[in-house]
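Student: The structure follows.
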Amino acid sequence: MSDKPNEFLDRRDFMIASVATIGASAGLVANAPSASAQGSTHTASSPAYGAASATVYTGDVIQGRKVVSALDVDDLEPGRKHLLYFQGVEMPTGQHWYVSVTVARGAQPGKRVVLVSGVHGDEISSVHTVQTVMNQLDPAQMSGTVMAVTDVSRPAMEGMQRRWPNAGRGADLIDMNREWPGNENGLTAPSRHAGLLFNRLLRPNADAAIDFHTGTTGFEVTAFNIGGMDVPEVKAMVELYPVGQIFDNHVYPGVLHNAFMDVGIPAFTPEIGAARVLDLGMIALFVEGTMNVLKHHGIVAGPMGRTGKDVSVFVGNSAFPILATEGGIVEHLVTLNDKVEPGQKVAIQRDSFGEVVAEYTSGVAGEVTGQRSDAMAEPGNPLVFILFHKDLPDRSETYPE
Ligand SMILES: [Zn+2]
């Protein structure tokens, strides 16, 4: 920040904008001069929403890596890898949350694919999948660019927990995958962080995007992809993964892959097993599938690896939830990927005396896609999700991605 007067002006403008939008409509908030939120001296040239913006270096260097507050991958030197920090939202101390950005800029021009992990802080196999793909890339041989952002929800990752610990109105935990596309002038840190990342880093550099997830702490899932298979560009990518299940559903607003879809960028969400651990077997399948996607887009040369054609894939468009009705210890009678029939008993639950207090059965024919892995449950906790085909699917189904 070399130009202090401008910085001051930007901040003052922002304060005025903030005051002006109190009590105003969400639309006005969205239209406030969001560039100012970053407190950058270069904001006048930064468009609020996504159009190609020039890279802005803040002048800071952290642990040897340059910091940017906006990035256009085309500004980076071709034929090599670049490691940067993106300056995210400002904290109560006045410091920022930075996220790690790796760009493999091909020697030749081509499509740009964005790989994301760490929107939830406990989903470590998703991080390792993205890192493994990036480590396999040789920019000198590439036509196009792959950008990875591995730790989107930094404060959640520091605690290896799902949600962002927000302090704005006392202790709060916010699920960042309900915040996209965010709002640079939003009322919570995760909303502003999402807005900064989406407008200045993710959207401007994506022709296609993949947001990697896993199950959540206490609830593990099998290997599958979530995406709208009625969208040809999405279907083409999802079918390149040698994994056994596809959840063909658009799920709901606020998730990152739908923020991309809403602005015309094909995107989907892989799910890679359990939270908190590295499932190296599953990770290998998603690395292979993602390399296939990069070949599909012409960024990486070479023959396709195994795809969905090489494994048996169960496609469902709905997830049947089985929720606990009692408190107690849960005993599963089926395992992930098992096929189940309507009426089939899938779990029992015992109270503190060891007596069976509940028996849980499937209401549908399908495949087990997720199971509670914490042994105890209280009423309302999801115990099992069964992927199945519904004749009239919900257009926006809730799923704990
Ligand atoms: Zn997740």
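Student: To the nearest Å, what is the center-to-center distance of the range 300-340 and the range 241-283, using C-alpha atoms only?
Tutor: The distance from the Cα centre of the range 300-340 to that of the range 241-283 comes to 13 Å.
Student: Once amide H atoms are built 1.01 Å from N in the peptide plane, which residues 5 or more positions from residue 216, or in another chain, come under 5 Å H to H?
Tutor: 275
Student: Please work out the FRET efficiency for the pair residue 262 and residue 355, using the Cβ-Cβ distance as r and a Förster radius of 56 Å; give the result to the nearest 0.05.
Tutor: 0.65
Student: Above 24 angstrom, tally the Cα pairs of the range 284-401 and express them as a % of all pairs, no decimals.
Tutor: Above the 24 Å cut-off, the range 284-401 has 43 percent of its Cα pairs.
Student: Please work out the Cα center distance from the range 218-237 to the range 74-110, rounded to the nearest Å.
Tutor: 27
Student: Can you pull the percent of the range 13-310's accessible area that's carbon plus sulfur, 1.4 Å probe, other chains left in place?
Tutor: Carbon and sulfur atoms account for 54 percent of the accessible area of the range 13-310.
Student: Also: Identify the chymotrypsin sites (Phe, Trp or Tyr not before Pro) of the range 301-401 meeting these criteria: DSSP loop state and at most 12 other C-beta atoms within 10 Å of the C-beta.
Tutor: For chymotrypsin sites (Phe, Trp or Tyr not before Pro) across the range 301-401 that sit outside H, G, I, E and B with at most 12 neighbouring Cβ atoms in 10 Å, the list reads 353.
Student: For the residue pair residue 309 and residue 230, what label-to-label distance in nm results when each label sits 7 Å from Cα along the Cα-to-beta-carbon direction?
Tutor: That separation, rounded to one decimal, is 2.7 nm.
Student: With all pairs of different alpha carbon atoms counted, what Kirkwood hydrodynamic radius in Å does the range 13-310 show?
Tutor: Here the Kirkwood hydrodynamic radius works out to 19.3 Å.
Student: Note down the nm distance, to one decimal, between modelled labels 7 Å out along Cα→Cβ at residue 60 and at residue 389.
Tutor: Label-label distance for residue 60 and residue 389, simple model: 5.2 nm.
Student: Turning to a different aspect of this structure: Would you please put 107-114, 172-179 in order of how densely packed they are, using the mean number of other Cβ atoms within 10 angstrom per residue and starting with the highest?
Tutor: Ranked from most to least packed, the peptides come out as 172-179, 107-114.
Student: Kindly provide the chymotrypsin sites (Phe, Trp or Tyr not before Pro) of the range 234-285 that DSSP labels as loop, not H, G, I, E or B, and whose Cβ sees at most 14 other Cβ atoms within 10 Å.
Tutor: Counting only loop positions with at most 14 other Cβ atoms within 10 Å, none of the chymotrypsin sites (Phe, Trp or Tyr not before Pro) in the range 234-285 qualifies.
Student: Simple spin-label model, 7 Å along Cα-to-Cβ: residue 331 to residue 375 in nm?
Tutor: 1.2
Student: While we're on this one: Per residue, how many Å² of accessible area does the range 13-310 show with a 1.4 Å probe?
Tutor: Per residue, the range 13-310 has 37 Å² of solvent-accessible surface.
Student: For the range 13-310, what's the relative contact order in percent, using C-alpha pairs closer than 8 Å and at least 6 residues apart?
Tutor: 17
The values are calculated or read from the model by the stated rules, or taken from the named source; none is laboratory data. Note that the coordinates shown come from a computational prediction; the quantities given were computed from them, not determined experimentally. Here Cβ is always computed from backbone atoms with ideal geometry, including for glycine, and neighbour counts include all displayed protein chains. Calculation scope for accessible area: heavy atoms of the full protein, side chains included, ligands and nucleic acids excluded. Shrake-Rupley method; radii C 1.70, N 1.55, O 1.52, S 1.80 Å.
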